[in-house]
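For reference, the structure discussed in these notes is given below.
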Amino acid sequence: MTEVTNKVNSKTGFLLKFVGFGISIIMLVLIGMNSIFYAEPGYIYHVRTVLGNEVVVTEVGYKFYPFGRYNSWKRAMTVQALNGSGSNSIRAEKDSANTSASLPPLNIMFLDQVDAESEATVRFSIPSDQESFLELAHEYRSPENLLRTALMPSFKETLKANASLMTAEEYYAGGQTSFNSKFEEQMTNGIFLVKREEIQVKSRQTKSSANASLGKDQNQYGDDMKTIFVVKNVLDENGLPKRKKQRFIEFGITVVSALVTDMRPNKKFVERMQLKQQASADRAIAREQRVQEEEQRLLAIARGEREVAERQAKAKVEQIQLTTEAETDKQLAITRAEKFKAEAAISKDTAQINFEKAKIEAQTVRTLAEAEAHKKKVILQADNALSQKLDAEIKIQQLWAKAFAERKVPTTVFGGGSSGAPVGSDGEVKAFMQMLTLDAAKRLNYDRDMDKSK
């Protein structure tokens, strides 16, 4: 019995030891599993051990924290004001989305007292070095507290403060870029401390149109002053703008980006802007119509000027043609006159030459005649022109002889009487002929007698 009992006890002790060892192994596995976690990318982990040590884990992979605790922080946190988001809906690290906090559209007030629903997004980056991160973790303890107490209030305050720097009309008249730039600048470096002032400025004079008889010279009415709001920065002793610093910057949190994505003003402002837009469109249409009318006027003027120019050009062409023809006729007349003048000059020169020639010839003839006359004179003086005189007398005698021979008288003439009248006898004829011969010789002026002295 004793041996059997001992064997049973030994087997029982072995089983108990084996079971205890197994339980120890299981306990160690369970403890090890609860002390190991996997570090996801894009997160920073704040690990606290059982011994009170704190570790910042930034590397991706499995990490061991013996009998401790840890919580995760996103490296980048985003605060958004979007249409359709729930009020203060914070998901933080419990949501794998990029958005850490989603807010409904934020109501802001512009400088000219126009409110609007704005949508914006700001992305923050938390520090990754151990000292700055531990300081941040000790101050806010969890990402939810950081979002709720620091990032979201700064987001709202900065967006509203940024709206007070600009009027709604300035924003919708092309100031969106400036608005977005100032919002990002203030989120990064702090909010400007400003003061708003109301000042009076002169406005454009408006003229009434009640008196139609005045035409364009209407009387002015209304106040020429208007009130505008001006925002001026509060300056420090160095003349630099004062700022309200962002609280989160002290913990190493930086602003990655700040965007204003949408802006919806109130209904009254929209209606006013629509009226203004319609008025602007009407002015633009009127301006275009005025330009069109001006273009039509200029076109009519241009057309008239073109027609005048065409008529002038045509008249000028005709004038040039007439002038050319007249100039041609003039040149032809001048050419003809010069030709006639040249011909006259040539004729004159020819006549002068002929005259000189005739003169020379006349002088020659006269000289020859004078020579011949002198010759004859000399001859006549030499013989008293006897030869010529004899030839003349011979011709006279021949003439009388011929006349006597051819006279028609009877062969026998009977006559006589006491009256003594001639009856044409031969004796009478002969005596008559002698008388004519003597008379001719007398007229020839020569002496028929021979010069005895010679």
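Only the coordinates and a few stated rules stand behind these numbers; no lab work does. On a predicted model such as this, the values are computed, not experimentally measured, just so you know. Quick reminder, even Gly has a Cβ in these numbers, built from the backbone with ideal geometry, and neighbours come from all protein chains shown.
List of remarks:
- Region 96-204 has equivalent-ellipsoid semi-axes of 34, 15, 12 Å, by the square roots of 5 times the alpha carbon gyration tensor eigenvalues, sorted largest first.
- Packing rank of 185-192, 162-169, where each peptide gets the mean count of other beta carbons within 10 Å, highest leading: 162-169, 185-192
- Taking amide H positions as modeled 1.01 Å from N, with prolines and chain starts lacking one, the residues under 5 Å from V194 and 5 or more places away or on another chain are V234.
- Between D236 and R272, the contour length at 0.36 nm per residue exceeds the Cα-Cα span by 9.0 nm.
- Computed lengthening from I320 to A300, 0.36 nm per intervening residue step minus Cα-Cα distance: 4.3 nm
- Under 5 Å, built H, 5+ apart or other chain: amide partners of D115: F110, N266
- M166 long-range amide H proximity, modeled H, under 5 Å: L111
- Scattering profile of region 288-383 at q = 0.17, 0.21 Å⁻¹ [log10 I(q)/I(0), Debye over alpha-carbon scatterers]: -0.91, -1.02
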